[in-house]
Amino acid sequence: MLRRTFAISLVALTAALPAFGDAISDAMAEVQKYAGQKTVWDGPTSGPTAAAGKKIVVLAADMKNGGILGVSNGIEEAAAKIGWEVTILDGAGSIQSRAAAFGQALALQPDGIIINGFDAVEQQAALKQACDAGIPMVSWHAGPVIGPDPDNCLFANVSTDAMEVSAAAAKWAFADAGGKPGVVIFTDSTYAIAIAKADKIKETIEALGGTVLEYVDTPIADTSNRMPTLTTALLQKYGASWTHALAINDIYFDFMGPSLAAAGIPGDGAPKAVAAGDGSESAYQRIRSGQYQSVTVAEPLNLQGWQLIDELNRAVSKAEWSGYTSPLHVVTKDNISFDGGDKNIFDPGNGYREAYAKIWGK
């Protein structure tokens, strides 16, 4: 009887193995779609020519954040090309500072405002004030909606598809762990987009059969203080069962390495760090050197800065939004050398600068 039961179990296990193997290979195949070079421009080729002499204000959530800094650099580069004057105000990582910056922006009476990296809902009163004053607004990562967000008076919210970003990060971790990841997810409930991304990571890992050990809600603005002790506590709690750390952006991993090193974990050891955005310079450096980050699902931050200027030009010209969703890129040590990787950014070699300049008549 025992022998027969064992035989049946072995047959069942053997039958299940190909499906399990398929799940891993399918997950990695999905990831590989986003790992190749981006050589073809798939964005807009027509639109309004440059509106002359505009003065715009960029409201940055926190210029210490690598993603926000990258987008700001792209905005400045594109504004110089289109011939606009840009003022960047740093929200310095707090709601109060961002509210003060918004007040300062309104006092400047700009021709347009770009919200860079904070949730539109957070500053609804100021958004309404700008809306009532007839100031067109575009944004980067101001919510889960891509494109027009009339409820928040945003002409267009620019982003990669955040759900694709999150799914790609989760699938890489699943495949890398041989189908048995033990995951801790880091997010910040201050931002609706951060919660949506973290929920998608959790959903994807669990649907594939992996384990989410813990879902950690900790503020992005306080990662430097919280991540070292959090990392140590999580290592003590989960030990070797913690195979992958997944976060909604790279900044969480800026402060994790020393705690892992202190625990005797090598730079390429577990838990492996996988970021669902943004593709910061420090993340590129960690991935290249094999020091406490394996993957970032990078956004084309500089390109998105150019898109924000283009969308704002469409807004002030009373045109429709472009309809463009920028590409994401899974960055690993194997492919880090191309599409801007040598400069520690994802900067697609698809000719986007020339494409936008041609639209603007520049």
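Name the residue farthest towards the positive end of the dipole of the chain from the options V184, V297, G70, assuming +1 on Cβ of Lys and Arg, -1 on Cβ of Asp and Glu, about the Cα centre.
Sorting the options by dipole projection puts first V184.
Considering only the chain, what is the antiparallel percent among its DSSP beta bridges, to the nearest 5?
In the chain, approximately 15 percent of DSSP beta bridges are antiparallel ones.
Each residue of region 101-115 in order: what ³J(HN,Hα) in whole Hz does its phi give by Karplus 6.51 cos²θ - 1.76 cosθ + 1.60, θ = phi - 60°, with x for Gly and Pro?
Calculated HN-Hα couplings, in order: 5, 5, x, 5, 4, 5, 5, 6, 6, x, 7, x, 10, 10, 8 Hz.
With a 1.4 Å probe and every protein chain kept in, tell me what percent of the accessible surface of the chain is carbon plus sulfur.
C and S atoms contribute 54 percent here.
In nm, give the distance between the simple-model label positions of L106 and R288, each being 7 Å from the Cα along the Cα-to-Cβ direction.
It is 4.4 nm.
Roughly how many debye, to the nearest 20, is the charge dipole of region 31-171 about its Cα centre, given +1 on each Lys and Arg Cβ, -1 on each Asp and Glu Cβ, and no other charges?
240
Order these peptides, 72-85, 108-121, by their mean beta-carbon neighbour count within 10 angstrom, highest first.
Ranked by mean Cβ neighbours within 10 Å, highest first: 108-121, 72-85.
Are any of the pairs K81/K197; K33/K197; K272/K343; K38/K200; K333/K362; K38/K358 more than 27 Å apart by Cα-Cα distance, and if so, which?
Over 27 Å Cα-Cα: K81/K197; K333/K362.
What per residue convex hull volume, in Å³, comes out for region 268-307 when only alpha-carbon positions are used?
It is 47 Å³ per residue.
Could you order peptides 191-199, 62-70, 308-316, 167-175 by the average number of other Cβ atoms within 10 Å of their residues, highest first?
The packing order, highest mean first, is 167-175, 308-316, 62-70, 191-199.
How large, in Å, is the chain by the Kirkwood hydrodynamic radius built from its alpha-carbon pairs?
With all distinct Cα pairs of the chain included, I get 21.3 Å.
Using only DSSP helix segments of four residues or longer, with each worth -39500 (n - 2.57), what per-residue ellipticity at 222 nm results for the chain after dividing by its residue count and rounding to 500?
That comes out to -14000 deg cm²/dmol.
If you roll a 1.4 Å probe over the heavy atoms of the protein chains, what accessible area per residue do you get for region 90-168, in Å²?
With the other protein chains kept in place, region 90-168 gives 38 Å² per residue.
Check which residues have an amide H placed less than 5 Å from K272's amide H, if you skip close sequence neighbours.
Amide H to amide H, under 5 Å and 5 or more residues apart or across chains, K272 pairs with H244, A245.
Along its principal axes, what span do the Cα atoms of region 163-277 show, with the longest given first and each in whole Å?
The principal-axis extents, from largest down, are 33, 33, 20 Å.
Using modelled amide H (1.01 Å from N, peptide plane; none on Pro or chain starts), what sits under 5 Å from the amide H of F186, excluding residues fewer than 5 places away?
Long-range HN contacts for F186: V216, L246, A247, I248.
Quick one: which residues, 5 or more positions from V58 or on another chain, have an amide H under 5 Å from its amide H? H modelled 1.01 Å from N in the peptide plane, none for Pro or chain starts.
Distant-sequence amide H within range of V58: T87, I88, L89, I114.
State the extension gain, in nm to one decimal, for the chain segment bounded by A196 and Y238, taking 0.36 nm per residue of separation less the distance between their alpha-carbons.
So the chain would gain 12.6 nm between A196 and Y238.
Say the dipole of the chain comes from +1 at the beta carbon of Lys and Arg and -1 at that of Asp and Glu; which of L234, Y352, L308 then lies farthest toward its positive end?
Projecting each Cα onto the dipole axis, the largest value belongs to L234.
Enter the per residue convex hull volume of region 14-173, computed from alpha-carbon coordinates, in Å³ rounded to the nearest integer.
156
Quick one: putting +1 on the C-beta of Lys and Arg, -1 on the C-beta of Asp and Glu, what dipole do you get for the chain around its Cα centre, in Debye to the nearest 20?
The calculation lands at about 540 debye.
As an exercise, find the ratio Rg/Rh for region 265-362 from alpha-carbon atoms, using the Kirkwood inverse-distance average for Rh.
Ratio value, two decimals: 1.11.
Could you pull out every one of the aspartates and glutamates with an alpha carbon less than 12 Å from that of K202, ignoring same-chain neighbours closer than 8 positions?
Correct list for K202: E214.
Under a crude label model (7 Å from the Cα following the beta-carbon direction), how far is Q37 from K333 in nanometres?
For Q37 paired with K333, the spin-label model returns 2.3 nm.
If you add up the charges near S46, with Lys and Arg at +1 and Asp and Glu at -1, over every other residue whose beta carbon is less than 12 angstrom from its beta carbon, what do you get?
After counting each charged neighbour, the total is 0.
Please turn the phi angles of region 38-50 into ³J(HN,Hα) values with the Karplus equation 6.51 cos²θ - 1.76 cosθ + 1.60 (θ = phi - 60°), one per residue in order, whole Hz, x for glycine and proline.
Once θ is set to phi - 60°, the couplings for region 38-50 become 10, 10, 10, 6, 10, x, x, 10, 9, x, x, 5, 4 Hz.
Solvent-accessible area per residue for region 171-247 at a 1.4 Å probe radius, Å²?
39
Which Cα, out of P271, G323, P219, lies furthest along the positive dipole direction of region 214-332 (beta carbon charges, K/R +1, D/E -1)?
Ranked along the dipole, the leading option is P271.
I'd like to compare 221-233, 289-301, 321-333: which one has the highest average count of other Cβ atoms within 10 Å, and what's the full order after that?
Order by mean packing, descending: 289-301, 321-333, 221-233.
The values are calculated or read from the model by the stated rules, or taken from the named source; none is laboratory data. Note that the structure is predicted; figures quoted are calculated from it, not measured. All Cβ positions, even for glycine, are placed from backbone atoms using ideal geometry, and neighbour counts span all protein chains on display. Accessible surface areas use protein heavy atoms only, side chains included; no ligands, DNA or RNA. Shrake-Rupley method; radii C 1.70, N 1.55, O 1.52, S 1.80 Å.
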